[in-house]
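The structure appears right after this line, and notes come after that.
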Amino acid sequence: EFIDSYYFNQVEDIRFNSTVGKYVGYTELGLKNAETWNKGSVLARELGELERVCKRNAAIYYSNVL
């Protein structure tokens, strides 16, 4: 599971969660940004990073933990 969170003044505004597959907002500003980011190229870039980094290296990371 890949989680990318954005904070402002120690409050989580928005989070990308690979299980959900999109950005989720937690504040008023975060909700607006999540809606915008989910429609644009920001979501495509995040999903690309998920494929490029996380899924390719998941087995390596898992074996190191064990």
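Couple of notes before you dig in:
- Taking all protein chains into account, the per residue accessible area for the chain stands at 76 Å² (1.4 Å probe).
- Ignoring lysines fewer than eight residues from Lys55 along the same chain, the ones with Cα atoms less than 21 angstrom from its Cα are Lys22.
- The Rg/Rh ratio of the stretch 3-65, with Rg taken over Cα atoms and Rh as the Kirkwood radius over Cα pairs, comes to 1.06.
- Accessible surface of the chain, 1.4 Å probe, proportion on carbon and sulfur as whole %: 55 percent
- Computed helical MRE - 222 nm, the chain, DSSP H runs ≥ 4 contributing -39500 (n - 2.57), nearest 500: -14000 deg cm²/dmol
The values are calculated or read from the model by the stated rules, or taken from the named source; none is laboratory data. Not measured: the values here are computed from a predicted model. For the accessible areas, the whole protein counts, side chains as well, though only heavy atoms, and no ligand, DNA or RNA atoms are used. Shrake-Rupley method; radii C 1.70, N 1.55, O 1.52, S 1.80 Å.
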